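Just so it is clear, none of the values below were taken in a lab; they were calculated from the coordinates. Because the structure is predicted, anything quoted here is derived from the model rather than measured. So basically every Cβ, Gly included, is an ideal-geometry build from the backbone, and we count neighbours across all protein chains shown.
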């Protein structure tokens with residue numbers, strides 16, 4: 001379930017106004033601090049963090065390693081990559 005939640009990607013600064021939990025443990029729930037977020041603009045992962053101005057923070061080195069080895073998170077990123085590639089090819 002998507003929720004109204006304004007956040008800004010700490011990597012590309014894309015502002016989005018809806019978010020949905022993608023972590024296996026919290027799917028279909030309001031994102032919580034510590035949940036992963038995949039930016040639909042740049043495809044990089046961030047972590048929800050209510051104590052930051054923009055609502056998201058970059059991954060720590062440990063979180064990067066965890067995400068790299070997590071087949072579920074890799075699968076979500078691969079899906080984003082395919083959709084983005086298809087969308088870009090239709091624009092040309």
| note | Placing each pseudo-label 7 Å from Cα in the direction of the beta carbon, residue 71 and residue 13 end up separated by a distance in nanometres of 4.0 nm
| query | Gain in length, residue 50 to residue 78, computed as 0.36 nm per residue apart minus the alpha-carbon separation, to one decimal in nm? | reply | 7.4 nm
